[in-house]
Structures are given as C-alpha cells and as structure tokens.
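Below is one structure, written out as structure tokens; comments come after it.
What follows draws every value from the coordinates through simple rules; no lab data is involved. None of these values were measured; they are calculated from a predicted model. FYI the Cβ positions are ideal-geometry reconstructions off the backbone, even for glycines, and counts take in every protein chain you see.
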Amino acid sequence: MEKITSFTINHDTLEVGMYISRIDDDIVTYDLRLVKPNNGYFLSTGSLHTIEHLFATYARNTKFSKNIVYVGPMGCRTGCYLLTRNMSHEDAISLVQDSFDFISKFEGEIPGTKKEECGNYLDHDLDKAKEDIKPFLKALQNYKVENLKYQD
C-alpha cells in the first residue's frame with residue numbers, strides 16, 4: 001500500500017504549531033500539533049477529549065460554522081485535526097487562535113458531557129486541558145500563513 005501523506009512527515013523534527021497537512025479540492029486538513037511528537041509527553045485522553053469538545057463546540061458556533069468539516073483528536077495524542085471548506089488560511093489561523101483562547105478561559109460544564117451525549121462522558125479533564133494548550137497558544141502568537149508549511 002502507498003504511504004499516506006501524514007506518515008511522510010518527519011515527526012522527530014515536527015514542532016508545536018499549526019500546519020497544512022493536505023488539501024483535497026476545497027477541503028484543507030490542518031495539523032494542530034499541541035505537543036512535540038516522540039518527546040516523552042503525550043496528552044492524556046481526558047485532556048484531549050476536553051479540548052476536542054470545547055474546540056468543536058466553539059468552532060461550530062462562530063461565523064465559520066458552515067466551513068467546519070471536522071474537528072477531532074489525533075490517535076497519537078499529540079494534537080488535533082481541523083478540516084475546513086472554502087475558508088482562507090488566515091481565517092483558519094484566527095479561528096484556531098480564538099478557539100484555544102476560549103478553551104484557556106473556559107469555566108463551567110464542558111459541552112456534550114452528559115451520558116446520553118458522549119460515548120466516554122466520564123473521561124474529561126478541563127484543568128489539564130488548559131495546562132496542555134499553553135505551549136500551543138504561545139506558538140500561535142503572531143502566526144502567519146507562511147508558518148503553516150511543514151519544516152524540512
């Protein structure tokens with residue numbers, strides 16, 4: 001089988017940040033790398049699950065709601081994917097910055113965490129999520145479209 005594009009990126013040199021993983025017609029897949037891969041620290045499932053719920057809820061309640069195709073966690077627990085349609089890279093960066101700022105300040109009940117709403121409703125950790133996103137928020141300060149390219 002052919003190697004998928006994301007497996008051709010050298011994860012040992014990948015840093016915390018936001019990258020364009022692939023473009024398929026009008027859908028852009030963004031790689032939101034919250035922690036450096038293979039560096040000994042991975043997001044806990046509770047933290048990543050909380051980030052996913054808050055990120056997806058926030059993004060789908062903005063003016064870009066119709067442009068959001070998917071928000072979800074990476075199985076390796078180093079980040080998330082954001083898939084958008086018909087949205088500029090500048091707007092995607094802004095949306096991600098705003099979404100993670102929202103997460104950093106969030107208080108209260110995490111959306112979608114009732115038993116009837118979530119398949120693993122007990123596995124959430126808001127405090128850890130807030131702590132885990134700090135390096136990502138710092139990395140995204142003054143982020144530009146040219147930063148979206150994977151580094152060689």
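Mean-square fluctuations from a GNM of the chain, with a 10 angstrom spring cutoff on Cα atoms, peak among Lys130, Lys66, Lys36 at Lys66.
Note on the chain: helix-only mean residue ellipticity at 222 nm, from DSSP H runs of 4+ residues weighted -39500 (n - 2.57) and normalised by residue number, equals -9500 deg cm²/dmol.
Length available on full extension from Asp26 to Gln151: 0.36 nm per residue minus the Cα-Cα distance, which gives 42.7 nm.
Taking θ as phi - 60° and the Karplus parameters 6.51, -1.76 and 1.60, the scalar couplings of segment 119-124 work out to x, 9, 4, 7, 9, 9 Hz in sequence order, x denoting glycine and proline. Going by neighbour counts of Cβ atoms within 10 Å, the residues Thr8, Thr78, Thr29 line up, fewest first, as Thr8, Thr29, Thr78. Helix 45-59: angle to the longest alpha-carbon principal axis of the chain, degrees 0 to 90, nearest 10? So the inclination is approximately 80 degrees.
A DSSP coil position with no more than 15 other Cβ atoms inside 10 Å describes the following GluC sites (Glu not before Pro) in segment 117-151: Glu117. Considering the convex hull of the alpha carbon atoms of the chain, report its projected area averaged over all viewing directions, in nm², one decimal. Directional mean of the projected Cα hull area for the chain stands at 9.8 nm².
If one takes the longest principal axis of the Cα atoms in the chain, at what angle in degrees, from 0 to 90 and to the nearest 10, does the Cα axis of helix 89-105 lie? Result, in degrees: 30.
Select from Phe100, Phe64, Phe136 the residue whose mean-square fluctuation is largest in a Gaussian network model of the chain (Cα-Cα springs shorter than 10 Å). Comparing Phe100, Phe64, Phe136 in the GNM, the peak value goes to Phe64. Coupling constants for segment 126-134 follow from the phi torsions by the Karplus curve (6.51 cos²θ - 1.76 cosθ + 1.60, θ = phi - 60°), and in residue order they are 5, 4, 5, 4, 4, 5, 5, 8, 4 Hz; glycine and proline get x. Cross-link pairs exceeding 31 Å between alpha carbons, from the set Lys66/Lys144; Lys115/Lys149; Lys36/Lys105; Lys3/Lys63; Lys115/Lys138; Lys3/Lys128: Lys115/Lys149; Lys3/Lys63; Lys115/Lys138; Lys3/Lys128. Listed from fewest to most Cβ neighbours within 10 Å, the set Ile103, Ile20, Ile68 follows the order Ile20, Ile68, Ile103.
GNM remark for the chain: springs join alpha carbons under 10 Å apart, and the peak mean-square fluctuation among Asp132, Asp98, Asp24 falls on Asp24.
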